[in-house]
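What follows is a single structure, written as structure tokens, with notes after it.
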């Protein structure tokens, strides 16, 4: 194990700080520093916000192997865990290891099976249709983030959890504080506390008035003694936050990318073959991979990685966005090619913590792409590309605003 | 090709169902994998190999038919 004094010496020796900024004018591409590390130093020490110096793992094969390795822990509350930011102590089962992780995750697994999500198709389509109706009836130009990208997944997850959509201003604002890198630990803890209190109240109300929704299901688990109220609340916060923020960013960012690639957009919009859209979903997930904070883990045993040894207790940071640009896994990785087979990307992570909501995210993206560009064939950016505000300061990448017209 | 699945390892991400729906399904109660066909016909082998490759939990093991 590396001693504390070694770590101090190393961190003062000018290690690269993670995360690294993107190159100017290349808002869709990972930092050039990440590319160089992937090529030259696939296992590299970096320094985080709190002065800790975990390993940064940049190659696709190494990330996949580590994320699936049972000797690697995701225990967020452990002192060896390389923390994403101050103010987030724990966040449900994503910060736990098996078997407790699997026990809790399986309690909500029923809602996210491929079959169950497929049954939501008409409801999701209706939400998207109504959002496009509202766009068509509203003013132009319009901010696509506020008018479409954020409401669609928020309405979907509200339906699934039975959270009143009228509270969207509150939970979207709190989520923004959570994922904004500039938030202080206090601000983040306060936002998390407010979300927990809100969802805790909804969970308690479900005890008396259960229905066929996810919160009622969690509430019943509390009543049966299978979850504490706190565990159920954390899970509800996780589902609400992860259920809207990620998909919202993906919708807005991928729309912008497609507007910059009219040939690909035309192919997506005009093809009669339904598999063109489902393939495009995978390629856009691969290329944009909007969770840019780097998956965090630590080794619980000595593990060989890229010809070196990561010692037990050492932290691991694995930015999936650079792994998805690894030429060893994806030929010509920086090119958007919606016809390529990108299905093995790790935009949803890898290992037992891989995103539980991925069938729902895929369905939402598929239906958005099938609907938005066909009903608004003249969709275009209503500002200079250089003026679009990208979320360079977020763990979840995207755009703050996307002014469009048609 | 002979397929075995490890229900304990499965994390219910559903990738196998999306990739090879004739061979894999999920339990309604928790999303854990259900093996519909442990010895699928040859035309399904490529999809099954893809499913095993994208399984995040290494819960699908293939024997032969490569």
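Based on this model, can you work out whether residue B:51 counts as touching a helix residue (DSSP H, G or I) at 6+ places or on another chain (Cβ under 6 Å), modelled with pLDDT of 95 or more and in a helix (DSSP H, G or I)?
yes
Go through (1) under 27 Å from residue A:253 (Cβ atoms); (2) in a helix (DSSP H, G or I) and name the single condition residue A:186 misses.
Failing condition for residue A:186: (1).
Any chance segment B:2-14 includes a residue that's over 16 Å from residue A:351 (Cα atoms) and either touching a residue at least 60 places away in the same chain (Cβ under 8 Å) or surrounded by 13 or more Cβ atoms within 10 Å (Cβ to Cβ) (or both)?
Within segment B:2-14, one or more residues are over 16 Å from residue A:351 (Cα atoms) and either touching a residue at least 60 places away in the same chain (Cβ under 8 Å) or surrounded by 13 or more Cβ atoms within 10 Å (Cβ to Cβ) (or both).
Given the structure, is residue A:342 in contact with a helix residue (DSSP H, G or I) (Cβ under 6 Å, 6 or more places away or on another chain) and on the phi > 0 side of the Ramachandran plot?
Judged against the criteria, residue A:342 is not a match.
Can you tell me which residue among A:240, A:267, A:257 is closer than 30 Å to residue A:345 by Cβ, in contact (Cβ under 8 Å) with a residue 40 or more places away in the chain, surrounded by fewer than 21 Cβ atoms within 10 Å (Cβ to Cβ) and within 18 Å of the chain's Cα centre (by Cα)?
Sole residue among the options that is closer than 30 Å to residue A:345 by Cβ, in contact (Cβ under 8 Å) with a residue 40 or more places away in the chain, surrounded by fewer than 21 Cβ atoms within 10 Å (Cβ to Cβ) and within 18 Å of the chain's Cα centre (by Cα): A:257.
For residue A:322, are the conditions met, namely being in contact with a helix residue (DSSP H, G or I) (Cβ under 7 Å, 6 or more places away or on another chain), buried (at least 19 other Cβ atoms within 10 Å of the Cβ), part of a loop (DSSP other than H, G, I, E, B) and away from every other protein chain (no Cβ under 14 Å)?
Judged against the criteria, residue A:322 is not a match.
Could you say which residue among B:37, B:25 is without any contact (Cβ under 8 Å) to a residue 40 or more places away in the chain and within 13 Å of another protein chain (Cβ to nearest Cβ)?
Only one candidate qualifies: B:25.
Looking at segment A:84-110, which of its residues are in contact with a strand residue (DSSP E or B) (Cβ under 7 Å, 6 or more places away or on another chain) and assigned to a loop (DSSP other than H, G, I, E, B)?
A:84, A:97 - these are the residues of segment A:84-110 that are in contact with a strand residue (DSSP E or B) (Cβ under 7 Å, 6 or more places away or on another chain) and assigned to a loop (DSSP other than H, G, I, E, B).
Can you pull out the residues in segment B:9-20 that are out of contact with any helix residue (DSSP H, G or I) (no Cβ under 6 Å at 6 or more places or on another chain) and more than 8 Å from chain A (Cβ to nearest Cβ)?
Answer for segment B:9-20, where residues must be out of contact with any helix residue (DSSP H, G or I) (no Cβ under 6 Å at 6 or more places or on another chain) and more than 8 Å from chain A (Cβ to nearest Cβ): just B:10.
In segment A:36-66, which residues are touching a helix residue (DSSP H, G or I) at 6+ places or on another chain (Cβ under 8 Å) and assigned to a loop (DSSP other than H, G, I, E, B)?
If the condition is that a residue be touching a helix residue (DSSP H, G or I) at 6+ places or on another chain (Cβ under 8 Å) and assigned to a loop (DSSP other than H, G, I, E, B), then A:42, A:51, A:52, A:53, A:58, A:59 are the ones that fit.
Would a scan of segment A:183-201 turn up a residue that is over 27 Å from residue A:393 (Cβ atoms) and at pLDDT 95 or above?
yes
Mind listing just one residue for me: the one in segment A:49-79 that is modelled with pLDDT of 95 or more and under 21 Å from residue A:397 (Cα atoms) and, of those, farthest from the other protein chains (Cβ to nearest Cβ)?
Per the stated criteria, the residue is A:56.
Yes/no matrix, rows are residues, columns are (1) closer than 19 Å to residue A:70 by Cβ; (2) within 14 Å of another protein chain (Cβ to nearest Cβ); (3) in a helix (DSSP H, G or I); (4) at pLDDT below 95:
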{"site": "A:278", "(1), (2), (3), (4)": "no, yes, yes, no"}
{"site": "A:282", "(1), (2), (3), (4)": "no, yes, yes, no"}
{"site": "A:304", "(1), (2), (3), (4)": "yes, no, no, no"}
{"site": "A:316", "(1), (2), (3), (4)": "yes, no, no, no"}
{"site": "A:338", "(1), (2), (3), (4)": "no, no, no, no"}
{"site": "A:350", "(1), (2), (3), (4)": "yes, yes, no, no"}
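Filtering segment B:22-35 down to residues that are in a loop (DSSP other than H, G, I, E, B) and more than 9 Å from the chain's Cα centre (by Cα), which residue is surrounded by the most Cβ atoms within 10 Å (Cβ to Cβ)?
Checked segment B:22-35; the qualifying residue surrounded by the most Cβ atoms within 10 Å (Cβ to Cβ) is B:31.
Can you tell me which residue within segment A:124-150, out of those that are touching a helix residue (DSSP H, G or I) at 6+ places or on another chain (Cβ under 8 Å) and loosely packed, with under 13 Cβ neighbours inside 10 Å, is nearest to the other protein chains (Cβ to nearest Cβ)?
By that ranking, first place goes to A:136.
I'm checking my understanding of the structure. Among residues of segment A:284-302 that are in contact with a strand residue (DSSP E or B) (Cβ under 6 Å, 6 or more places away or on another chain) and part of a loop (DSSP other than H, G, I, E, B), which one is nearest to residue A:331 (Cα to Cα)?
Residue satisfying both the conditions and the ranking: A:290.
Kindly provide the set of residues from segment B:53-66 that are under 21 Å from residue A:342 (Cβ atoms) and more than 11 Å from every other protein chain (Cβ to nearest Cβ), ordered by number.
The answer is B:60, and nothing else.
So which residues in segment A:103-119 are closer than 24 Å to residue B:21 by Cβ and within 9 Å of chain B (Cβ to nearest Cβ)?
Hits for segment A:103-119 are A:105, A:106, A:108, A:109, A:110, A:111, A:112, A:113, A:114, A:115, A:116, A:117.
A quick yes/no check of all residues on (1) farther than 21 Å from residue A:262 by Cα; (2) surrounded by fewer than 20 Cβ atoms within 10 Å (Cβ to Cβ):
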position: A:346; (1), (2): yes, no
position: A:351; (1), (2): yes, no
position: A:356; (1), (2): yes, no
position: A:383; (1), (2): no, yes
position: A:393; (1), (2): yes, yes
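For residue A:217, indicate whether it is touching a residue at least 24 places away in the same chain (Cβ under 8 Å) and within 13 Å of the chain's Cα centre (by Cα).
Answer is no for this residue.
The values are calculated or read from the model by the stated rules, or taken from the named source; none is laboratory data. From a predicted model like this one, the values you see are computed outputs, not experimental measurements. Ideal geometry is used to build each Cβ from the backbone, glycine not excepted, and the neighbour counts take in all protein chains shown.
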